[in-house]
Amino acid sequence: MADRVRTYPGTRKPTPHQGHGKRNCVKILERLSAYLDDELSRDVCQEIRAHLGDCPNCEIFLDSLRHTVQLCRQRPSPSLSAKDRAALRRQILKVVASV
């Protein structure tokens, strides 16, 4: 059974990986959130844009990430009780302390 990738209007269908190593894709994918938030240097942004121009699969992932961010921004944040906020804060601090 072939893997299915959801695409959104205006996006290309994925193609077999060509031209560069998958490790490079992983490196790019790890930076996409910061790329979308304009938190990277000009050189890194140029490297990402060049990669995206040569890699339809990463471009599809970027389109999907953009769509996800857009949906999240449209959705109101759930309200949390004081107890839930405190529990969430403890969990975050626990994870940060373990890094």
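Looking across the stretch 34-43 at every residue that is assigned to a helix (DSSP H, G or I) and out of contact with any helix residue (DSSP H, G or I) (no Cβ under 7 Å at 6 or more places or on another chain), the one that is nearest to residue 62 (Cα to Cα) is identified as 34.
Residue 76 meets the conditions (1) part of a helix (DSSP H, G or I); (2) exposed (fewer than 15 other Cβ atoms within 10 Å of the Cβ) in every case but one. The failed one is (1). Check the stretch 10-21 and report whether any residue there is at pLDDT below 90 and either in a helix (DSSP H, G or I) or in contact with a Ser or Thr (Cβ under 7 Å, 6 or more places away or on another chain) (or both). Looking for residues that are at pLDDT below 90 and either in a helix (DSSP H, G or I) or in contact with a Ser or Thr (Cβ under 7 Å, 6 or more places away or on another chain) (or both), one finds at least one in the stretch 10-21, hence yes.
The values are calculated or read from the model by the stated rules, or taken from the named source; none is laboratory data. Just so it is clear, the structure is predicted and the values come from calculations on it, not from any experiment. Counting neighbours? That spans all protein chains shown, and the Cβs are built from the backbone with ideal geometry, glycine included.
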